[in-house]
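Asker: Submitted below is the structure of interest, expressed as C-alpha cells.
The values are calculated or read from the model by the stated rules, or taken from the named source; none is laboratory data. As the structure is a computational prediction, the values presented were derived from the model and not from experiment. With ideal geometry, Cβ positions are generated from the backbone for all residues, glycine too; neighbour counts draw on all protein chains shown. Each accessible area value is taken on the protein alone, full model and side chains, heavy atoms only, with ligands, DNA and RNA left out. Shrake-Rupley method; radii C 1.70, N 1.55, O 1.52, S 1.80 Å.
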Amino acid sequence: MHIIDRRLNPGGKSLENRQRFLRRAKSLVQGAVKKTSQERDIKDVLEGGEVTIPLDGMHEPRFRREGGTRDMVLPGNKKFIEGDYLQRQGQGSAKDSGPGEGDSEDAFRFVLSRDEFVDLFLDDLELPDLAKRKIAQTESEGIQRAGYTTSGSPANISVSRTVKLALARRIALKRPRKDEVEELEAAIEACTDEDERAELVARLEKLKAKTKRIPFIDPLDIRYRRYEKVPRPVAQAVMFCLMDVSGSMSEHMKDLAKRFYMLLYVFLKRRYKHVEIVFIRHTDRAEEVDEQTFFYGPASGGTLVSSALQAMHEIVRERFSPADWNIYAAQASDGDNSYSDGELTGLLLTEKILPVCQFFAYLEVGESGGSAFDLSDSSLWTLYERLRNSGAPLSMRKVSERSEIFPVFHDLFQRRETAQEKAAP
Amino acid sequence: MTERLFEGADWDFHTLQRITDACEEVALKDLGLDVYPNQIEVITAEQMLDAYSSVGMPLFYKHWSFGKHFAYHEASYRKGLMGLAYEIVINSSPCISYLMEENTATMQTLVIAHAAFGHNHFFKNNYLFKQWTDAEGILDYLDFAKNYVMQCEERYGRIEVERTLDAAHALMSHGIDRYPGKKQLDLREEEKRAGRRRQHEEEVFNDLWRTVPKGASKARTAISLERRRKLLGLPQENLLYFLEKSAPRLAPWQRELLRIVRHIAQYFYPQSQTKVMNEGTATYVHYRIMTKLHQQGRISDGNFLEFLGSHTNVVFQPEFDDPRYSGFNPYALGFAVMQDIERIVTNPEDEDREWFPDIAGKGDVMGVLRDVWANYRDESFIGQFLSPKLMRHFRMFHLHDDPEERAGIRVDAIHDERGFRRVRRELARQHDVGFIDANIEVVDVDLSGDRRLILHHRVIKGSQLNETDAKRVLQHLADLWTYGVALIEVDANDKVLREYVVSPRPIAAAVA
C-alpha cells in the first residue's frame, strides 16, 4: 500500500495539449478574439478571458448511427399501459432536426490567458519601419548601487565601510589603542620601583598580545560595493486619441475610431511597460476627456482640427517629454474642417506634432456603405496628402466598415510604404 | 469500542493510512475481495482536470484533441456547470487511485472503499478485463507510446504525426477485436516486439533488391475471390488492424501509430461494456465497507450521515419525465441489482425462487456476487439478474419509436407479468456494445481494378450513419488506405440503402 502526495507535482500537464489545440484552432480562435474585443473597453481588451468558438472545425468525426426505429427502456412510468401511444414532441419537424443530426454548430467556451489572447489578437503585426527611435527594444539596463556584500572583486572594496566595521569590532573586542600602549611604555620608562615596573611590563605584554590577537583589519570586516542591474524604463509610450466629435460624426464613425484606437492600444501595450492614453476630443474647441466621454459623450459645434493638435502639443510639453516618451497619435475624423483652419493645422503638424511623434495615423472614417471612396477627397484628406507628399511621416487610410479596421491597421503597421502607395492612388 | 478513524472533516496522511488499512480489513476479510496492490495518490483539482483530458491516464501521448477536452472540462468546471469526479482509478497493477485534496475525510474513506477496493477487485477479476487488458503492462506501454509518438514527431514532423493520429482516432471505435481467440494481450512483449520490428525493417531494407527482376507473376485473375478474401483476412471488422496490416503505402511508423491507438482502444473496450457492473460493484463495495466501519464505531454518526448524503446523490435515478433525466444512471442501476442479488440470496420471495432458481436462498452473498462480478458484462448481467421486483421499483417501461408510425411512440411493454421479460431483454440489449456501435466491416479490396477498399455497414432497424460524420471518417480512412474507399449501407436483406465513395486527399508531404 502506497500513499503518495502528488500535489507538489507540477500541474499543467495538459498545457502542451492545450497549445496544440490552440494552434490548430488558431483561425477560429482568432476570429472569436476579434469579435470579443469589439465589445470591450480599450483597456479591457488586454484582460484575456473567455471566447466562444464553434466546435465545428474542431470536430472529431466518428461513425454514428441515427434515425430508424428506436427502442428504449425508461424508468418512472406512472400511467402508461401496454399499447398506449405517446405524442412525439415537436411532431412534424422532428424528422429534420433530430438530435445529433446534420452539422451541429455547437460552440464551446474557451478561456484564454491574457498572453494567449493578445498574441492571437496581434498575431502577425510588425512595427512600423518609420520608427525614429529604436522602439523594438523596450528596455535598457542600467547599473545601480545596491548595498554591500562580503565578497567581490578587490576593485570594489569599500574602504570606508570596511574601516568602519573594523573600528566597531576593535572597540567591541577592546583592542588596546596605540596611545594606551605608548602611555604604558612611557610609564615603564619613568617607573623606578622594581615591583611596580614588573607589573607594568606584564600589563604591557598582555596588551601587546591582545593587539596581536585582535588585528587592526580582519577579513571579516571587508565589505565590497554591490551593483545590481536594473531595467531602466525608457519603455513608455503615450497614445493620443484625437477625435472630431462634431455633429457630423455618427455613432458608426465613432465606433470605427474606437476599434482602431483599441488595436493601437493593445499593440503599444505589447511593446511598452507603460502606456498612457490621452483622449482629446474636439469640435471647435478641444478638451481632454475620459474614455467614456470620448466615445459616448454628446458634443456639437463647429470643427477646428487645429484645436486638437494644439491641445496635444500642450499636453506633450507639460507631461510627456519626447526624450522619455514614445509618442503616438491617431486621429479619427470624417475629414471636415473649416477652410480657414487648414493652414494652421498644417503648420502645427509639421512644426510641433510630427517631429515628436513616432507615428501619426490619420483615419478617415466614413458612413457604412463604403461611399467614402467615391466622393471627392475631404478637406483634411487633401491637406494631409499634400503634407505627406512633401515628405511628412503621416499615415492615412479611409475606413467605412468595421471589417476594414483590422486590415487597415494591419496595413499601416505591416509595411508602411505599401500602405501609403495604396492610400494614394 | 474501537477507536475512530478520524474526527470531523480534516485528514492527513496518517489518517489516509488508517482509513486504507481499515477498508482493506473489511474488503479482504468480510467481503473476500481479491485486489491488485493499491497505490493512492493525492492530487489537486487542477491535476484532476489534467487527468481528465488524457482519458484519466497518468501519462499519454500528446495530441490536440486532449487539449480540446481539457479546455472543455476546464471551462465548464470554472463556470460551475460540472463538479469534478471524486476519484479517478486506473486499471493497472498496482492499481492507482487519485484522490482530490479537497475531499473531506469521509469522502476520502468513501473514495478509497469505492476505487481502491471496489473497482480494483472488478478490474482484477472480471473476465473481460482479464481477457483484454494487461494491468501489469499498461503504464509501461503508455510510456512507450508517449515516447514513440514524440520520436515520430521529431523525425517526421508534427503535422504528419497529427494527421495519422487524427485518422486513427476517427476509427478508434472500430479498432477493436470483439471476439477473443487470438492470444492474450501482453503489452510489454508488444513494446519489445515493436522495437525488434523496426530494427528488422532497417536491416532488411536494401535498395538493390528492388531492381532484381521478378519471375512472371501469377495472373491476378487466377487468385479466386475467396482465396483473396482469405489472404486479406476478410471480412474484417477491426478497421485499424486491417489498415495496419494491409494498407499498401503506410510508412512503418504510421503502422506503429495505428497499432498504438488500436491497443489503447482495446484496453478501454472492457470499460465500455461494463459501466453498470463496474460502478455497481464499486458502489456496493463502498456501501458495505462504510456501513461496516460505522457499525464498528470507527466512523461517527455525523460522518456516516455525510457519507449517506453523497451515496444517495450518486445512486439517484431521475425518472424519464424529470428534466435531470439522461438515461439510466449506471451507479443506480448497478447498485440496485447488486443489492437485489443480496436480497434474493438471503431472503427470497416465491417470485424470486421462480426467476432465479440458481441463487435464491443460497445464503452466500459474497460468493454469488464475486461470481457475478467475474463472469458477466452489462448486457448479460442485466439480462440475467434484473428482477421483476426491481423493474417494478424503477417502474420501467419499454417504448418503441417507429418514425413511420403516425400515432406516436408505442408503449411496447410495462412492468407487469406480460412485460417483465421483454423489458429486461430490451434493457440488456441497450447495454450491448456490439449492438450500440455500427456494424461495419471491410468486405473486399478490388485488387485487379483500382484497389478500392469496400466496406459494408449492415443497417439494423433502419438506423443509418450520420452522413456528415460518415464522410469525414471515410476521408480519414481513404487517406490512410491511399486509394478510394467505398462504404455501402445494406439492410438485412442485402438491399443497398446508400453508398459513399471517397477518394484520398493528395498527400501534402509528397508535394513538399
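Asker: Condition first: in a helix (DSSP H, G or I) and either under 14 Å from B:Thr104 (Cα atoms) or open to solvent by 40 Å² or more (accessible area, probe 1.4 Å) (or both). Now tell me which residues in segment B:1-24 satisfy that.
Answerer: Scanning segment B:1-24 gives B:Phe13, B:His14, B:Thr15, B:Leu16, B:Gln17, B:Arg18, B:Ile19, B:Asp21, B:Glu24.
Asker: Moving on. Name every residue in segment A:48-92 that is modelled with pLDDT under 70, farther than 26 Å from B:His169 by Cα and exposed (fewer than 14 other Cβ atoms within 10 Å of the Cβ), in order of residue number.
Answerer: Result: A:Gln89, A:Gly90, A:Gln91, A:Gly92.
Asker: Do any residues in segment B:465-486 that are without any contact (Cβ under 8 Å) to a residue 24 or more places away in the chain have Cβ atoms under 6 Å from those of residues that are charged (D, E, K, R) and open to solvent by 30 Å² or more (accessible area, probe 1.4 Å), where the two are at least six apart or on different chains, and which pairs are they?
Answerer: Cβ pairs passing all conditions: B:Asn466/A:Arg64; B:Asn466/A:Glu66; B:Thr468/A:Asp103; B:Asp469/A:Arg64.
Asker: Take B:Glu87 and decide whether it is of a type in the set (Asp, Glu) and over 21 Å from the mean Cα position of the chain (by Cα).
Answerer: no
Asker: Further question: Could you count how many residues in segment A:195-250 are touching a helix residue (DSSP H, G or I) at 6+ places or on another chain (Cβ under 9 Å), assigned to a strand (DSSP E or B) and open to solvent by less than 60 Å² (accessible area, probe 1.4 Å)?
Answerer: 9
Asker: Mind listing whichever residues of segment B:25-60 are in a helix (DSSP H, G or I) and under 27 Å from B:His73 (Cα atoms)?
Answerer: Answer for segment B:25-60, where residues must be in a helix (DSSP H, G or I) and under 27 Å from B:His73 (Cα atoms): B:Ala45, B:Glu46, B:Gln47, B:Met48, B:Leu49, B:Asp50, B:Ala51, B:Tyr52, B:Ser53.
Asker: Sticking with this structure for a sec: Which numbered condition trips up B:His200, out of (1) modelled with pLDDT of 75 or more; (2) open to solvent by 30 Å² or more (accessible area, probe 1.4 Å)?
Answerer: It fails just one condition, (1).
Asker: Hey, another quick one. Return the only residue of B:Arg249, B:Arg255 being open to solvent by 20 Å² or more (accessible area, probe 1.4 Å), in contact with an Asp or Glu (Cβ under 6 Å, 6 or more places away or on another chain) and either within 24 Å of B:Arg196 (Cα to Cα) or in a helix (DSSP H, G or I) (or both).
Answerer: Only one candidate passes the filter, namely B:Arg255.
Asker: Ok, one more. Looking at segment A:314-330, is at least one residue β-branched (Val, Ile, Thr) and in a strand (DSSP E or B)?
Answerer: Checked segment A:314-330: at least one residue is β-branched (Val, Ile, Thr) and in a strand (DSSP E or B).
Asker: Of B:Leu33, B:Leu28, which residue is open to solvent by 70 Å² or more (accessible area, probe 1.4 Å) and either more than 7 Å from every other protein chain (Cβ to nearest Cβ) or more than 24 Å from B:Phe123 (Cβ to Cβ) (or both)?
Answerer: The unique qualifying residue is B:Leu28.
Asker: It is to be established whether one or more residues within segment B:434-444 are modelled with pLDDT under 90, over 30 Å from the mean Cα position of the chain (by Cα) and more than 24 Å from B:Pro270 (Cα to Cα).
Answerer: No, every residue in segment B:434-444 fails to be modelled with pLDDT under 90, over 30 Å from the mean Cα position of the chain (by Cα) and more than 24 Å from B:Pro270 (Cα to Cα).
Residue by residue, here is whether (1) out of contact with any Pro (no Cβ under 8 Å at 6 or more places or on another chain); (2) open to solvent by 60 Å² or more (accessible area, probe 1.4 Å); (3) not in a helix (DSSP H, G or I) holds:
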site: B:Ile299; (1), (2), (3): yes, no, yes
site: B:Phe304; (1), (2), (3): yes, no, no
site: B:Asn313; (1), (2), (3): yes, yes, no
site: B:Asp321; (1), (2), (3): yes, yes, yes
site: B:Arg324; (1), (2), (3): no, yes, yes
site: B:Phe328; (1), (2), (3): no, no, yes
site: B:Ala332; (1), (2), (3): yes, no, no
site: B:Val337; (1), (2), (3): yes, no, no
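Asker: While we're here: Name the single residue, out of those in segment B:252-302 being of a type in the set (Val, Ile, Thr) and under 26 Å from B:Leu480 (Cβ atoms), that is farthest from the chain's Cα centre (by Cα).
Answerer: Step by step, filter segment B:252-302, then rank; the result is B:Ile260.
Asker: If you scan segment B:127-181, which residues turn out to be among the basic types (Lys, Arg), in a helix (DSSP H, G or I) and more than 14 Å from chain A (Cβ to nearest Cβ)?
Answerer: B:Lys130, B:Arg155
Asker: Quick one: would you say B:Arg377 is within 19 Å of the chain's Cα centre (by Cα) and either within 8 Å of another protein chain (Cβ to nearest Cβ) or modelled with pLDDT of 90 or more (or both)?
Answerer: Yes.
Asker: With the requirement that a residue be out of contact with any Gly (no Cβ under 9 Å at 6 or more places or on another chain) and either open to solvent by less than 20 Å² (accessible area, probe 1.4 Å) or acidic (Asp, Glu) (or both), what does segment B:339-358 give you?
Answerer: B:Asp340, B:Ile341, B:Glu342, B:Glu349, B:Asp350, B:Glu351, B:Glu354, B:Phe356, B:Asp358
Asker: Could you grab the pairs with beta carbons closer than 7 Å, sequence gap of 6+ or different chains, first residue in segment A:1-21 and in contact (Cβ under 8 Å) with a residue 60 or more places away in the chain and more than 7 Å from chain B (Cβ to nearest Cβ), second one assigned to a helix (DSSP H, G or I) and open to solvent by 80 Å² or more (accessible area, probe 1.4 Å)?
Answerer: Every condition considered, no pair remains.
Asker: Right, another one. Quickly run through segment B:373-382 and pick out the residues that are crowded, with 18+ Cβ neighbours inside 10 Å and within 23 Å of A:Val73 (Cα to Cα).
Answerer: Correct list: B:Tyr376, B:Arg377, B:Asp378, B:Glu379, B:Phe381, B:Ile382.
Asker: Given the conditions (1) under 30 Å from B:His431 (Cα atoms); (2) free of Cβ contacts under 8 Å to residues at least 12 places away in the same chain, which single one is not true for B:Pro330?
Answerer: Failed condition: (2).
Asker: Looking only at segment B:387-397, filter to residues that are assigned to a helix (DSSP H, G or I) and hydrophobic (A, V, I, L, M, F, W, C); which one of those is nearest to the other protein chains (Cβ to nearest Cβ)?
Answerer: B:Phe394
Asker: Report, by residue number, each residue of segment B:422-453 that is hydrophobic (A, V, I, L, M, F, W, C) and open to solvent by 30 Å² or more (accessible area, probe 1.4 Å).
Answerer: Across segment B:422-453, the qualifying residues are B:Phe435, B:Ile436, B:Leu447.
Asker: Return a yes/no flag: does segment B:67-79 have any residue that is farther than 23 Å from A:Asn9 by Cβ and more than 10 Å from chain A (Cβ to nearest Cβ).
Answerer: For segment B:67-79, residues farther than 23 Å from A:Asn9 by Cβ and more than 10 Å from chain A (Cβ to nearest Cβ): absent.
Asker: Test each condition in (1) open to solvent by less than 20 Å² (accessible area, probe 1.4 Å); (2) closer than 21 Å to A:Leu394 by Cα for A:Trp325 and report the one that comes out false.
Answerer: The failed condition is (1).
Asker: Here's another thing I want to ask about it. Identify the single condition in (1) open to solvent by 50 Å² or more (accessible area, probe 1.4 Å); (2) modelled with pLDDT under 90 that B:Leu234 does not satisfy, given that it satisfies every other one.
Answerer: Exception for B:Leu234: condition (1).
Asker: Please verify whether B:His398 is touching an Asp or Glu at 6+ places or on another chain (Cβ under 7 Å), free of Cβ contacts under 8 Å to residues at least 60 places away in the same chain and not acidic (Asp, Glu), treating the condition exactly as stated.
Answerer: Judged against the criteria, B:His398 is a match.
Asker: What residue, of A:Val45, A:Val33, A:Val29, is at pLDDT 75 or above, under 24 Å from the mean Cα position of the chain (by Cα) and either at the interface with chain B (Cβ under 7 Å from one of its Cβ atoms) or buried (at least 18 other Cβ atoms within 10 Å of the Cβ) (or both)?
Answerer: Exactly one of A:Val45, A:Val33, A:Val29 is at pLDDT 75 or above, under 24 Å from the mean Cα position of the chain (by Cα) and either at the interface with chain B (Cβ under 7 Å from one of its Cβ atoms) or buried (at least 18 other Cβ atoms within 10 Å of the Cβ) (or both), namely A:Val29.
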